[in-house]
1. Starting from the Cα gyration tensor of the range 463-540, multiply each eigenvalue by 5, take the square root, and state the resulting semi-axes largest first in whole Å.
2. Considering only protein heavy atoms, what is the solvent-accessible area of V475 at a probe of 1.4 Å, reported in Å² to the nearest 10?
3. I'd like the FRET efficiency for E265 and N285, computed as 1/(1 + (r/R0)^6) with the beta carbon distance as r and R0 of 22 Å, rounded to 0.05.
4. Compute the Rg/Rh shape ratio of the range 295-509: radius of gyration over Kirkwood radius, all on alpha-carbon atoms.
5. Using protein chains only and a probe of 1.4 angstrom, how many square angstrom of Y270 are accessible, to the nearest 10?
6. List, largest first, the extents of the alpha carbons of the range 152-208 along their principal axes, each in whole Å.
7. In whole Hz, what ³J(HN,Hα) sequence does the range 471-484 give by Karplus (6.51, -1.76, 1.60; θ = phi - 60°), x for Gly and Pro?
8. For T114, T409, give me the order by solvent-accessible area with a 1.4 Å probe, most accessible first, ignoring ligands, DNA and RNA.
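The values are calculated or read from the model by the stated rules, or taken from the named source; none is laboratory data. Keep in mind that this is a model prediction, so the values were computed, not measured. Cβ sites come from the backbone with ideal geometry, for glycine too, and all protein chains shown count toward neighbours. We work out accessible area using only protein heavy atoms, side chains counted, and drop any ligands, DNA or RNA first. Shrake-Rupley method; radii C 1.70, N 1.55, O 1.52, S 1.80 Å.
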Amino acid sequence: MYKNKITQALLLGAGLAVAATSTIAAEVPAGTELAAKQELVRGNGTEVATIDPHKSQGVPESHVIRDLLEGLVNQDAEGNTIPGVAESWETTDNKTFTFHLRKDAKWSNGDPVTAGDFVYSFQRAVDPNTASPYAWYMEYTKMVNAKDIVAGKKDKSELGVKAVDDHTLVVELETAVPYFVMMMGHTTVKAVHQPTVEKYGDKWTKPENFVGNGAYVVDKWVVNERLVLKRNEQYWDNDKTVLNKVTFLPIENQVAEMNRFLAGEIDISYELPVEHFKRLKKEHNEEVSVTGNLCTYYYIFNTKKAPFDDVRVRQAISYAIDRNIVTDAILAQGQKPAYFLTPEITAGFNPEMPAYGQMSQKERNAKAAALLEEAGFGKDNPLEFNLLYNTSENHKKIAVALGSMWKKTLGLKVTLENQEWKTYLSSKDSGDFEVARAGWCGDYNEASSFLTLMKSNNTTGGVHYDSKAYDEIMVKAIAATSDEERQALYLEAEKLMANDMPIAPIYQYVKSRLLSPKVGGFPADNPEEKIYSKDLYIIK
């Protein structure tokens, strides 16, 4: 057992000095015989939009970037925060954090990884010229001046981060953030190699130009076919890395992915085709993996477009969703119906069921019909709207089922519109939709990772909710000095959201996939799904 794990409880304490001195790579149990060929093939759901950490926003991208670039901290198999480039850190007030970088960390071209690299990278993430979709995340770290820099009011050089020397990084926050170190595990705060970015611009991520500091580097990238990574021989923990090659496949069709897995072409699938789940459990039980996942699936309403600027319309559409049919009949893999945004498995979060969640479905349907009638819709004037989702058979099944529910219960006319991943992200971010499918996975295991998503200045995920009351609650929550006060404010935020209904929560995820028994080191209890290929190996 790793002795120096930085646990959630420790990170949420006030004013703690925290230190750690080592980390975990692939720890192969004694007596395990390894395969001669250490190569892994993973399904990744779709073609990644980018591998630039300051321009990415999706889960498929994060899976790849985690292997290519290393931040100050990583996670172990249980989801605990552990050292990355920083081998230790300390704080006495949760406002000033000092990180001590390991002296053997190198970029793949042999350059040393320095505190200056993190200063450059953090500044790049908040720079309006970068247009990072996660600039808001940098604001919520509460780094000094981050908010004003993102808004264009101050220069990026005024960000509260400085390199004392090559191996000492100091980060100053405007208010105490007890879970700040946890936030440093996110994609957006990974370092990039300044000379490479400045030399090649947006083309720095091409295989022939790429320089990274993670366990792997880009080897080959054939768009819509495969993204191949090879070992970074300069990685500081390369001696403990076992896999020599990792291939990510962008397969959007779950049946096609399943067939390739069963043919032995894939070691880890991205997900399962829901209609084959029971058969796979029966015929390939040892290869079916189902774990809890820190994610919620929901539909977004564009509250800036009529008629979705009317809360009655939003409530009616949400109430008429029979979530039990989605979880028990369509998915049937252990998912839970969702009536709030933050999943119940979030650490320290004890949700209260909102009033509409306590109704029977019959009662919800009746209330939905009454609300729509109040809003001016009915048989003679049916509500019509487009429902946007990204290309995926599983998303399509849910959209078709809900469209049928709404038509039967409320007489709604729903047109389904699917777009490939990049276009879908662009449509959501720009507000070019009426209702859209979405999902959110925690960036760290704390309720604010979900609830800050709904703040007015945040358009990541396409959320177009503009509530001063909600914003004020979240400002108080982030500034709260006790866990009890913070949790009470989180519940207040969820209650307001259930009333305003900017989104319709549908279900809390589990992660179901096909996993070859020959893959060793796979994390079974990591709710954030942060899988590092350097921790895996192939058993003979």
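1. Output for the range 463-540: semi-axes of 39, 17, 10 Å.
2. Its heavy atoms expose roughly 80 Å² to the probe.
3. According to the calculation, E is roughly 0.60.
4. 0.95
5. Using a 1.4 Å probe on the heavy atoms, I get roughly 40 Å².
6. Projected onto its principal axes, the Cα set of the range 152-208 covers 42, 27, 26 Å.
7. Each residue's phi maps through the Karplus curve to give 4, 5, 4, 5, 4, 5, 5, 5, 8, 4, 9, 10, 4, 4 Hz.
8. Descending accessible area places them as T409, T114.
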